[in-house]
1. Show me, for the stretch 65-80, the HN-Hα J-couplings you get by feeding each phi into the Karplus relation (A = 6.51, B = -1.76, C = 1.60, θ = phi - 60°), rounded to Hz, glycine and proline as x.
2. Please rank 52, 103, 59, fewest neighbouring Cβ atoms within 10 Å first, as an exposure proxy.
3. Under the 0.36 nm per residue contour assumption, what length would be gained going from the current alpha-carbon distance of residue 166 and residue 111 to full extension?
4. Can you sort 114, 49, 145 so the residue with the fewest Cβ neighbours within 10 Å comes first?
5. 7 Å from Cα along Cα→Cβ at both residue 175 and residue 144: what's the point-to-point distance in nm?
6. Would you mind ranking 150, 53 so that the residue whose beta carbon has the fewest other beta carbons within 10 Å leads the list?
7. With a sphere of radius 15 Å drawn around the Cβ of residue 134, what net charge do the other residues whose Cβ falls strictly inside it have (Lys, Arg +1; Asp, Glu -1)?
8. Only Cα pairs under 8 Å and at least 6 apart count here; give the relative contact order of the stretch 52-176 as a rounded whole percent.
Amino acid sequence: MCLSRNVKPPFFHPAFIYMKNKFYVFVFLYALAPNSSAKNSQCSADEKIIFTCSSGKKTMSICSSQEDASSQYVEYRYATGSKNPSFTYRSDSNHLPNEFNRTSVLGASSESIIIWFKNSGHTYIVNDPIKGHASVSVWRSGRQIAENQCTGNYGGDSEASTPLIKQKTGDEYRYIFREKNN
């Protein structure tokens with residue numbers, strides 16, 4: 001193949017340079033865009049979003065303080081319709097018996113990050129899978145009594161590091177289904 005002096009390689013072609021620059025502008029603007037899960041979140045702008053999702057008019061979020069905050073906390077918030085949560089569960093230095101737990105569970109074709117806590121005989125389970133839809137379920141006495149499939153935007157960083165979410169094994173997670181919650 002013979003190239004003349006007037007023919008430029010494709011990556012120097014003006015159309016290629018234009019498309020390349022357009023791509024960089026798109027990536028830059030995407031990086032600056034606010035987190036899409038934040039608009040459906042119960043978390044404030046100065047909190048980390050561990051998890052958030054919506055299901056119809058319901059919004060479920062797990063929010064935490066920033067790592068450099070003087071007072072560390074993690075809080076689950078549930079709201080129906082309004083922006084004000086109707087149920088919260090908090091773990092911080094003043095609520096030490098309250099505990100959030102996390103594990104990674106491997107399934108047949110996917111992996112899920114599971115975060116759970118217990119409150120008044122109920123176990124709340126947040127399931128954040130790599131594939132499929134996230135969900136929040138409530139269990140009592142080893143039986144599921146409610147489940148909210150996330151249908152709207154959901155997201156967050158369910159693997160975010162915080163000392164108030166205890167890392168557990170998959171066996172410790174599976175045990176909650178065999179025990180009787182009081």
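No lab work stands behind these numbers, since they all come straight from the coordinates. Remember, predicted model here, so these are calculated numbers, not experimental data. Virtual Cβ from ideal backbone geometry, glycine too; neighbours counted across all protein chains shown.
1. Result, rounded to whole Hz: 5, 5, 4, 8, 5, 5, 10, 8, 7, 9, 9, 8, 10, 10, 9, 10.
2. On the way: 52 27, 103 18, 59 24.
Ordered by Cβ neighbours within 10 Å, fewest first: 103, 59, 52.
3. On the way: separation 55, 0.36 × 55 = 19.80 nm, distance 1.87 nm.
Value of the extension gain: 17.9 nm.
4. Numbers: 114 19, 49 22, 145 11.
The most exposed by this proxy come first: 145, 114, 49.
5. It is 2.3 nm.
6. 150, 53
7. On the way: positive: 58, 102, 131; negative: 111, 128, 147, 157, 159.
Result for the neighbourhood of residue 134: -2.
8. Values: 244 pairs, mean separation 28.2, N = 125.
With pairs under 8 Å counted, the relative contact order is 23 percent.
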